[in-house]
1. Give the label of the value calculated from the structure for semi-axes √(5λ) of the Cα gyration tensor in Å, choosing from (1) 32, 25, 19; (2) 30, 25, 18; (3) 48, 32, 17.
2. Collect residues whose amide H, placed 1.01 Å from N in the peptide plane, falls under 5 Å from the amide H of V247; neighbours closer than 5 in sequence don't count.
3. Please state the relative contact order of the range 225-284 as a whole percent: Cα pairs under 8 Å, 6+ residues apart?
4. Leaving ligands and nucleic acids out of the surface, order W191, W198 by accessible area at 1.4 Å, largest first.
5. Rounded to the nearest 20 debye, what is the charge dipole size of the chain about its Cα centre when +1 sits on each Lys and Arg Cβ and -1 on each Asp and Glu Cβ?
6. Could you pull out every residue, at least 5 positions away or on a different chain, whose amide H is within less than 5 Å of the one on G79? Hs are placed 1.01 Å off N in the peptide plane, and Pro or chain starts have none.
7. Any idea which of A225, A139, W198 is furthest toward the positive side of the dipole for the range 125-261, if Lys and Arg beta-carbons carry +1 and Asp and Glu beta-carbons -1?
8. For the peptides 48-57, 283-292, 205-214, what is the packing order when you average, over each peptide's residues, the other Cβ atoms within 10 Å and list the highest mean first?
Amino acid sequence: MTYSEGDGGVSGQSLMFAATPLNTRNHRLQWLFRALFGLMTLILVVPVGIIFGVLLVRGGPAISFEFLFSYPSDGMTAGGIWPALVGTMWLVAVSLIASVPVGVAAAIYLSEYAPDNWLTRGINLAIINLAGVPSIVHALFGVGAFVIFAGFGTSILAASLTLAVMTLPLVIVATRESLQAVPMAFREACWNMGATRWQTIRTVVLPNAISGILTGVILSVSRTAGETAPIMFTGAAFFFPFLPASVFDQTMAMAMHLFVISTAVPGVPDELKYGTALTLITLVLLMNAASIWFRSYLRGKKKW
């Protein structure tokens, strides 16, 4: 009798925890969507891996100390990419110096100071639309605004400012979203302690939003290093056999150099083309990796 009761108790517990048809259906749906999202991720990752693998196989033999640190020669059909590599670093650095402070300041105003009215909503819409403007339009704007009107001529400064205008929406949007992600309770606690709005932003909001701000910087670096059209008319040279001495000089750039040797210079070995492309991608990946590591380090120091 005791055994049968215990057996019945076990059977009752088994029935109690048995999966219902609804649980089974939800489990199947969860598995289906997990597989679907995994497939989408695979579709995005596999082509990138294939492209990088092709560049590595076909361009890897060209990578050497001489290739990286020598000047182009024989009508750019031989030699290295040192002027283009240095020029790309110039363009990225100057454009970040121009875009990041302005973008962060604009995001702080829109997120922390500006009232929610038709004007600020119109500004936010304009920023989003600016991010979708084709790069050739930015190039023509740069020619008119910086090369001709500001009188900078075709120079690193004109090209970098054009790139800064192009990447400004990325910095603003990423910074604004990271600022808005900081809990309002942090601000209210500071205000209750007598802190001003700027003191709260400087000591509490910005330190907790810095990892999100770096996201916009990472996207800016990637886009700046890979753009060709905005710099083609504003500061990049077809061939410049010297390193730039100031921001008012012209310079070669990796993206422009790759475009030139792939389309305008006959007789360039394929190994040289793929090696240049591989170097450009590796340079962007290294910049992004450094920024991502720094962002992760700062994110790990958060207290919330």
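1. Of the listed options (1) 32, 25, 19; (2) 30, 25, 18; (3) 48, 32, 17, (3) comes from this structure.
2. Residues meeting the criterion, in which the H sits 1.01 Å from N, do not exist here.
3. 34 percent
4. The residues order as W198, W191, largest area first.
5. Taking the Cα centre of the chain as origin, the dipole is about 720 debye.
6. It is S73, by chain and number.
7. Ranked along the dipole, the leading option is W198.
8. With the highest mean Cβ count within 10 Å placed first, the list reads 205-214, 283-292, 48-57.
The values are calculated or read from the model by the stated rules, or taken from the named source; none is laboratory data. All of these numbers come straight from a predicted model, not from anything done at the bench. Don't worry about glycine lacking a Cβ; one is built from the backbone with ideal geometry, like all the others, and counts go over all protein chains shown. When the accessible area is computed, the model is the full protein with side chains, heavy atoms only, and any ligands, DNA or RNA have been set aside. Shrake-Rupley method; radii C 1.70, N 1.55, O 1.52, S 1.80 Å.
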